[in-house]
Amino acid sequence: MNRFAELLDRLAFEPSRHGKLRLLTDYFRHTGDPDRGYALAALTGALSFSNAKPALIRGLIAERVDPVLFALSYDYVGDLSETVALLWPASPRPADLARNSDAGALATIVETLNSAGRSELPRLIVAWLDQLDEKGRWALLKLITGGLRIGVSARLAKTALAALNGSDVNEIEDVWPGLSPPYLPLFAWLDGHGTKPAADNAVQFRTPMLAHAIEDKDFETLDPGDYSAEWKWDGIRVQVACGAGKDGRNLVRLYSRTGEDISAAFPDLVEAIHLSRLSDVCFDGELLIVLDGKVQPFGVLQQRLNRKTVSAKLMADYPPHVRAYDLLYENGEDLRPLPFSQRRARLEVCVRQAAAPWLDLSPQIAFADWPALAAARADPAAANAGDDALAVEGVMLKRCDSAYVPGRPKGLWWKWKRDPFVLDAVLMYAQRGHGKRSSYYSDYTFGLWRDGQSGDELVPVGKAYFGFTDEELKQLDRYVRDHTINRFGPVREVTATAKEGLVLEVAFEGVQRSTRHRSGVAMRFPRISRIRWDKPSRDADRLETLEKLIPV
Amino acid sequence: MVMASSLLVSAPEGLYCPTGDFFVDPVRPVRRALITHGHSDHARAGHGAVLATAETLGIMALRYGAQFAGTQQPVRLGEVLRIGEAEVSFHPAGHVLGSAQVAIGNTRERIVVSGDYKRAADPTCPPFEVVPCDIFITEATFGLPIFHHPDAGEEVGKLIASLRLFPERTHMVGAYTLGKAQRLMALIRQAGWDRPVYIHGAAEKITDFYIAHGIDLGEIRKVADAGKTKLPGEIVICPPTSLADAWSRRFADPVSCFASGWMRTRARARQRGVELPLVISDHADWPELTRTIMETGCREVWVTHGEGDALVHWAQTQGLKAMPLHMLGYGDEEEGGDQTEPAAET
């Protein structure tokens, strides 16, 4: 446990990507099986214990620490594992688990967490926590609660892994879906005494290629003739994979952008894909809700997201649709090395042959130069987006000759998002944040003016917790502390009147009606774009201005 | 809950004693002020008359100039003075050189204003003294049970170990220029490090002041006098804000260290880009706060600033009356505010 805790601890404090890679590669090289495999699983988010859950940890600490003191501490620290690690009463006994020979300790813990029953787990976890030091407790609790939050992505861990034998990280991505902890065949191959594991999963997830946000200066160096453009749809990116399983039956999988299998949330779509007899293909597209031939705004799609089960009514009210934009695999052939223009041509044929109601092509936008594309982006309805313009959130640029490169390669794909809406709102409440921003007041609820019973009043319209710099965060934190007029548990109410208050310029992507918010509206993706220290609070915007932006 | 005492009330300027007509650590200029210690959030310029320990008066003169107040009166620790109807005495707080608690009493009750304090040993100032009282007015900068400051010597040991591991890199240690910086120098000497310790210009005057008061800090050199060397393998003590600014680029691949009680939580260290956090604080941690409250034998606790809610809750579970004062203006210079140094010193 020692080595693993030490690794997590050092990663958490290592600022540079290069330094993190060195720490990780070094760990994988000098740690034996199966410990390193379980560490890899923890780093890539592949571990999940059915009985060891955060609620169990909360229960254990509740038996040892006053609940009010725990709540205040957790609010400050912003991380459950760290809070519990710091609050756990120090054991009078020396730290056996930390000091003993370390080999196999992590594997023992992981295997025990996997196999132990619900009733015996608390006793085991308490015994470990009593034996470990603070760092060890933190690492153990991170392992149990999942989500390490130490600034290491699964991709980075795999990159460090690839460095073991100098292979390319994408080779690891390709074989990854067929592997499971503790990854013995993978390490055997990386160590040079085993063959490369086969990528034989018929419906495997293929790591998506991502785009960079384009900036004004980028256009100067780009030739419009090298690029093709299409709409950036305001849905969720999905990958559809169909193929024959070992028993010969056709399998269908729907993956999210991060590789999560979301098939269960869309049984109607999965059924439709089965019916369309697509097989042995894998393509990327946007999941949208299409009603009466019209793409619905994101807010409508949201009704169907993050659901474990789905009712017949939801399926009838919100029929899913896939708008395809890239073909990665077809009839045993990996198309990813081909240029985009060829993949696109193959995709067009594939979609046409499928002739399925749930599937269509994301149209391309003709443009001669950048000003022409800018005009299309400014008015998608007048270009070829037509009725679907409400679901367009910008344009995508793809180099015609670019291969499909997993990750976010430089200079091949660009996203050029629509300009955000902005409004001036007044800060009303603040709360401490989690993760990177924890212990500062960094969650801000802001409001707009409306007619009230006794003159103008502020009504909260949204919450934002990013968009500002670290320096601005400190200023905002100080402002909140100095202008608190009320405390409701962790929430602080700050002065917000026509005479005195802080105006925040809020940028957002859209707005829609909502029954969950007091103001009756919900903003999409709000963030603080500027702090208007200079602007009097009475001059902030009114609710009516926001309501006018709601699509009819 | 309204709590008040005939001896002391909370006013916007700070804690006020009506029977003696004076304030303790006022945040705005007042006619008569008693000052607990020299940090700029507690000791401000522009008062009519100031009563404080000689060291605190000396520190204020260093920072604000000799004429920082209309009149100055030094007080000895333990000496009892009568101001109006109140009896006043100062007692060591163990926070920084010159720091004191202020005890205010009459025939009926005694109130102690802690100022900032700690119970851990500090080679640069006399230890905290428990003063029995009816009402204890405490700080709570680290008033959450997650705050346990480890042994400062062990923390400095981490710094020395890192110097051995990276002898080619400068170790920049961010430390508040009054108190923390000098305590760190003394701790570094206790750990056996006998090379010169280099300091940022902002820490020079205060460090000289400590040395002039007979505190042995070993050989201290100014970075400004070090010439063109990048000081590989040396310790450089600087204000926390200098860790990330252009000033740090003159050193050899610097390791960014920060000596503060806030380094107890990872997020705080990561937010500041600190590679080697050293949990060393001049404030009481949770066990010290709770122990001190019990040892004073008080029946009421008022919390001036910091994480007051948890400490108030705890005190109430112990059967004490307790309330947070939520006083504004404290914690701006020291660890409470995590803020920049006063510009006057750079």
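The values are calculated or read from the model by the stated rules, or taken from the named source; none is laboratory data. In this text, all values refer to a predicted model and were calculated from it rather than measured experimentally. Neighbour counts run over all protein chains shown; Cβ positions are idealised from the backbone, glycine included. Keep in mind that these areas ignore ligands, DNA and RNA; they rest on the heavy atoms of the full protein, side chains included. Shrake-Rupley method; radii C 1.70, N 1.55, O 1.52, S 1.80 Å.
Taking B:A66, is it open to solvent by 10 Å² or more (accessible area, probe 1.4 Å), touching a residue at least 40 places away in the same chain (Cβ under 8 Å), over 26 Å from B:G306 (Cβ atoms) and of a type in the set (A, V, I, L, M)?
For B:A66, the condition - open to solvent by 10 Å² or more (accessible area, probe 1.4 Å), touching a residue at least 40 places away in the same chain (Cβ under 8 Å), over 26 Å from B:G306 (Cβ atoms) and of a type in the set (A, V, I, L, M) - is not met.
Return the pairs, sorted by first residue and then second, in which the second residue is part of a loop (DSSP other than H, G, I, E, B) and open to solvent by 30 Å² or more (accessible area, probe 1.4 Å), the first residue lies in region B:156-185 and is in contact (Cβ under 8 Å) with a residue 60 or more places away in the chain and closer than 27 Å to B:G38 by Cβ, the beta carbons are less than 6 Å apart, and the residues are 6+ apart or on different chains.
Pairs that qualify, where the first residue is in contact (Cβ under 8 Å) with a residue 60 or more places away in the chain and closer than 27 Å to B:G38 by Cβ and the partner is part of a loop (DSSP other than H, G, I, E, B) and open to solvent by 30 Å² or more (accessible area, probe 1.4 Å), are B:V156/B:A191; B:M172/B:P254.
Residues that are under 30 Å from A:D326 (Cβ atoms), more than 14 Å from chain B (Cβ to nearest Cβ) and open to solvent by 60 Å² or more (accessible area, probe 1.4 Å): does region A:402-414 have at least one? Show your work before the answer.
Applying the first criterion (under 30 Å from A:D326 (Cβ atoms)) to region A:402-414 yields A:402-414.
Still in the running and more than 14 Å from chain B (Cβ to nearest Cβ): A:402-414.
Subsequent filtering for residues that are open to solvent by 60 Å² or more (accessible area, probe 1.4 Å) retains A:408, A:410.
Yes, the conditions are met somewhere in region A:402-414.
Among the helices (runs of 4 or more DSSP H) contained in region B:133-219, which hold 1 or more residues that are hydroxyl-bearing (S, T, Y)? I'd like the intermediate steps shown before the answer.
On the way: elements: B:152-165, B:180-190, B:204-212.
Ranges flagged: B:152-165, B:204-212.
Restricting to region B:35-52, name every residue that is in a strand (DSSP E or B) and either surrounded by fewer than 24 Cβ atoms within 10 Å (Cβ to Cβ) or of a type in the set (A, V, I, L, M, F, W, C) (or both).
Step one: list which residues in region B:35-52 are in a strand (DSSP E or B), which gives B:47-52.
Answer for region B:35-52, where residues must be in a strand (DSSP E or B) and either surrounded by fewer than 24 Cβ atoms within 10 Å (Cβ to Cβ) or of a type in the set (A, V, I, L, M, F, W, C) (or both): B:G48, B:A49, B:V50, B:L51, B:A52.
Suppose the filter is acidic (D, E), surrounded by 15 or more Cβ atoms within 10 Å (Cβ to Cβ) and touching a strand residue (DSSP E or B) at 6+ places or on another chain (Cβ under 9 Å); does A:D234 pass it? Before you say what the answer is, go through the steps one by one.
Numbers: acidic (D, E): yes; surrounded by 15 or more Cβ atoms within 10 Å (Cβ to Cβ): yes; touching a strand residue (DSSP E or B) at 6+ places or on another chain (Cβ under 9 Å): yes.
Yes; evaluated as a whole, the condition is true for this residue.
Check off (1) surrounded by 22 or more Cβ atoms within 10 Å (Cβ to Cβ); (2) modelled with pLDDT of 95 or more for B:E129 and give me the number that stays unchecked.
Only one criterion in (1) surrounded by 22 or more Cβ atoms within 10 Å (Cβ to Cβ); (2) modelled with pLDDT of 95 or more is unmet by B:E129, namely (1).
Restricting to region B:100-123, count the residues that are more than 25 Å from B:E154 (Cα to Cα) and within 19 Å of the chain's Cα centre (by Cα). Quick ask: steps written out before the conclusion?
Of region B:100-123, the ones more than 25 Å from B:E154 (Cα to Cα) are B:100-115.
With within 19 Å of the chain's Cα centre (by Cα) added as a condition, the list becomes B:100-103, B:112-115.
Residues that pass the stated criteria total 8.
Scan region A:210-231 for residues that are assigned to a strand (DSSP E or B) and modelled with pLDDT under 95 and report the count.
Keep residues of region A:210-231 that are assigned to a strand (DSSP E or B), which gives A:212-213, A:227-231.
Next, only the ones that are modelled with pLDDT under 95 stay: A:212-213.
Counting residues in region A:210-231 that are assigned to a strand (DSSP E or B) and modelled with pLDDT under 95 gives 2.
If B:A61 satisfies all but one of (1) without any contact (Cβ under 8 Å) to a residue 12 or more places away in the chain; (2) among the hydrophobic types (A, V, I, L, M, F, W, C); (3) closer than 30 Å to B:D309 by Cβ, what's the number of the condition it fails?
Looking at each condition in turn, B:A61 falls short on (3).
Does B:E55 satisfy the condition of being at pLDDT 95 or above, of a type in the set (D, E), open to solvent by 50 Å² or more (accessible area, probe 1.4 Å) and in a strand (DSSP E or B)?
Values: at pLDDT 95 or above: yes; of a type in the set (D, E): yes; open to solvent by 50 Å² or more (accessible area, probe 1.4 Å): yes; in a strand (DSSP E or B): no.
No.
Helices (runs of 4 or more DSSP H) wholly in region A:29-84 with at least 2 residues that are away from every other protein chain (no Cβ under 14 Å) - which ones? Talk me through it step by step, then tell me what you get.
Details: elements: A:35-43, A:54-62, A:67-77.
By residue number, A:35-43, A:54-62.
Which of the residues spanning region A:420-437 are under 30 Å from A:G147 (Cα atoms) and surrounded by fewer than 23 Cβ atoms within 10 Å (Cβ to Cβ)? Even if it seems obvious, please write down each step before you answer.
If we filter region A:420-437 for residues that are under 30 Å from A:G147 (Cα atoms), which is where we start, we get A:429-437.
A:Y429, A:Q431, A:R432, A:G433, A:H434, A:G435, A:K436, A:R437, listed by residue number.
Just to verify a result, which residue in region A:349-380, among those that are of a type in the set (D, E) and open to solvent by 50 Å² or more (accessible area, probe 1.4 Å), is nearest to the chain's Cα centre (by Cα)?
Here is the first cut: in region A:349-380, the ones of a type in the set (D, E) are A:360, A:369, A:379.
Add one more test, that the residue is open to solvent by 50 Å² or more (accessible area, probe 1.4 Å), and what stays is A:369, A:379.
Working: A:D369: 34, A:D379: 29 Å.
Checked region A:349-380; the qualifying residue nearest to the chain's Cα centre (by Cα) is A:D379.
For every residue, the table says whether it meets (1) in contact with a Lys or Arg (Cβ under 9 Å, 6 or more places away or on another chain); (2) within 13 Å of another protein chain (Cβ to nearest Cβ).
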{"residue": "A:L448", "(1), (2)": "yes, no"}
{"residue": "A:G452", "(1), (2)": "no, no"}
{"residue": "A:D456", "(1), (2)": "yes, no"}
{"residue": "A:L473", "(1), (2)": "yes, yes"}
{"residue": "A:R478", "(1), (2)": "no, yes"}
{"residue": "A:D482", "(1), (2)": "no, yes"}
{"residue": "A:A496", "(1), (2)": "no, no"}
